[in-house]
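The values are calculated or read from the model by the stated rules, or taken from the named source; none is laboratory data. Predicted, not measured: the structure shown is a model, and the values here were computed from it. With ideal geometry, Cβ positions are generated from the backbone for all residues, glycine too; neighbour counts draw on all protein chains shown.
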Amino acid sequence: MASWDCYCALCGGPPWVMLRPEVGSADPEALLLRRARIAKKKRRLAGEPDVHESDDENNARAKELWEEKEISEAEEKRSYDPELITPGNIEWLRMCHCLGLGPKARVYLSPPGYYGDYGVFCIRPNAEDLANLDPNLPGGPRRGFLDVDCYTKRNTFACFPFHTTCYEILARAIFGNPDTTRIDKYAMYMAMQQIQVASGSRQHLGLDYGEIGGMDRTWSSVPGEEYSVHDPRLRPDISRTIQAMLSPQMFAQPSCLPDLSPKVHNDPFTTLPYDIIVMVTPYLSVQDIFSLLQASLPINKLTNSPNFWQWMIRVHILTWFPEIEDLFTSSEALGNDPDFKRVFLWLFSVTKPEFGMKGPFIGIANRRRIWNAIQPLALLYLDKIPGPTPLQEH
Ligand SMILES: [Zn+2]
């Protein structure tokens with residue numbers, strides 16, 4: 001039977017890094033050809049007309065080069081750019097755990113483990129882990145060492161594997177901080193199971209993991225999708241990088257816009273108070289908010305204030321990108337009297353996870369992708385917790 005892979009329940013990425021993801025040739029010509037192919041696909045995805053060289057020309061040149069330098073064609077077409085993916089920025093994929101259901105319907109958080117093929121997660125604690133095992137972990141002569149089926153109800157030991165980092169991102173989405181000990185494991189297991197059963201998938205949870213093509217029968221390191229495996233952990237140095245990218249006029253206030261109010265004859269949103277708009281914005285997607293601003297001039301005018309856009313940055317960016325908080329506390333960072341709508345749009349644009357992405361925000365874009373993917377799980381989990389929701393605490 002051919003082997004298959006199971007993926008992180010939270011990010012959809014590979015829960016191990018022994019052989020994969022793969023990186024391609026670092027030969028300068030091979031890199032040029034790789035990037036030309038990615039740029040071409042990126043233009044095609046953006047719907048731009050292709051006026052550059054044809055696929056045939058690029059392919060012919062690539063084949064020649066691969067033959068001449070003995071570079072594997074198959075590996076080049078199923079590997080990442082070696083300058084974007086390094087051992088250091090995929091190390092986080094190595095750290096995995098799972099939530100499993102043990103005897104007497106008790107849910108445990110496993111010690112570290114790795115994916116071992118054929119749908120099995122291998123729990124392999126080290127000496128230090130053995131001293132701190134979850135009391136709900138099944139017993140036995142080698143307690144702590146288990147091979148558990150992923151994404152199946154076939155036996156009572158079924159589990160949901162995930163990266164440690166992704167579990168911390170999930171905790172942040174629920175509690176506003178990455179303390180995973182606050183997660184009610186039973187409620188989380190039940191929420192995961194409900195989503196998996198609804199999706200019918202036996203390889204992942206079935207969340208919307210974004211536009212990534214890696215989750216094949218076995219993991220495919222798709223060129224151009226480097227962001228999908230890049231380290232999403234906090235980057236304390238990132239606000240210095242951002243400050244180096246900014247110019248004094250970047251977020252300057254726009255000149256006055258024409259008053260279009262006389263053209264509005266009937267808008268049902270006219271009577272909506274500002275406070276209500278502010279209260280609902282955390283529950284709307286950014287795309288929905290911009291659609292609303294475009295559809296309603298009164299709301300557009302009502303929200304045309306620094307306070308509103310600072311609020312938008314707080315609820316739609318700082319939640320998953322907390323390390324840039326100091327950009328907003330330092331008076332010089334964004335220039336004098338910045339236009340916060342521009343600041344919001346810039347931050348939202350540079351961190352967008354998209355095909356062919358590179359540069360300093362690639363890991364942040366992966367975090368944003370994971371954050372978006374886990375929102376339905378976080379909400380379902382909160383539904384299963386009695387009393388005030390943790391989200392209401394902050
Ligand atoms: Zn993950």
Answer yes or no as to whether Phe145 is within 16 Å of the ligand (Cβ to nearest atom) and outside the structural domain of Pro282 (by TED's automatic domain parsing).
no
Only one of Tyr189, Tyr167 is farther than 20 Å from Trp371 by Cβ and not polar (S, T, N, Q). Can you tell me which?
Tyr189
Among the numbered criteria (1) within 16 Å of the ligand (Cβ to nearest atom); (2) in a helix (DSSP H, G or I); (3) farther than 18 Å from Leu382 by Cα, which single criterion is violated by Val197?
(1)
Assess whether Gln310 counts as being under 30 Å from Leu99 (Cα atoms) and among the polar types (S, T, N, Q).
no
